[in-house]
Amino acid sequence: MPPPTRKTSEPQYRQLAASLREAIEKGLWPEKDPLPAVSLISQKYQVTAVVVRKALKVLEDMGYLEDRGDRGLFPHKPRPSHGPQFVWNPAEIRLNLEGTLEIRVLSKTMTTLPREYLRFFEVHGRSGHQASRITKLHLVNGQAKALETIYAPCQELPGLLMKDHRHGTLFEMVD
């Protein structure tokens, strides 16, 4: 792709981010190798270092770059999402569910998704990723069995209605 130009209404850093994303998708930068230095990228695409840093930030927010601390930024091809992806395997959880199962929503709050969660949701191309943090209590025959916290992007929860149980303490609800 040609270097970013000022002749379009799209900012240079977005043009550069599109070029770099295309290079990552084509496999020009393998996932096992760190990205070149900012100065080398700025020379190659004939832009300033500030434009390169902004483009790299956009790619990191989109999930195409992974920051490995002192080792640098590494390309990362996001995997296509086919339904919910779990941090844990639900099959590993075994509960004795003989009896009446009840799930109470203890709280539902709006929050911004941490960067490490963005990869699980495959939310790309947006900044300020708003999500709902939902804390649920699982009861079997009135006894607490599990406390669960989930994150869900706001657009995934369009008419979700929840009963508010925040007026009492957790111990009052279990008793």
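Annotations
- Unique residue being surrounded by fewer than 20 Cβ atoms within 10 Å (Cβ to Cβ), among the aliphatic types (A, V, I, L, M), out of contact with any Leu (no Cβ under 6 Å at 6 or more places or on another chain) and modelled with pLDDT of 85 or more when the list is Leu16, Leu28: Leu28
- In the stretch 44-61, residue nearest to Lys7 (Cα to Cα) [restricted to those that are surrounded by 18 or more Cβ atoms within 10 Å (Cβ to Cβ) and aliphatic (A, V, I, L, M)]: Val47
- Qualifying positions in the stretch 32-43 - at pLDDT below 90 and exposed (fewer than 12 other Cβ atoms within 10 Å of the Cβ): Lys32, Asp33
- Against the criterion of being modelled with pLDDT under 85, in contact with a strand residue (DSSP E or B) (Cβ under 7 Å, 6 or more places away or on another chain) and within 22 Å of Ala131 (Cα to Cα), Val87 does not qualify.
To keep it simple, each residue is scored yes or no on (1) over 16 Å from Ala131 (Cβ atoms); (2) at pLDDT below 75; (3) not basic (Lys, Arg).
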| position | (1), (2), (3) |
| --- | --- |
| Asp67 | yes, no, yes |
| Leu97 | yes, yes, yes |
| Leu101 | yes, yes, yes |
| Thr112 | no, yes, yes |
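The values are calculated or read from the model by the stated rules, or taken from the named source; none is laboratory data. Bear in mind the structure is a predicted one, so any value in this text is a computation, not a measurement. Reconstructed Cβ throughout: ideal geometry from the backbone, glycine too, with neighbour counts over all protein chains shown.
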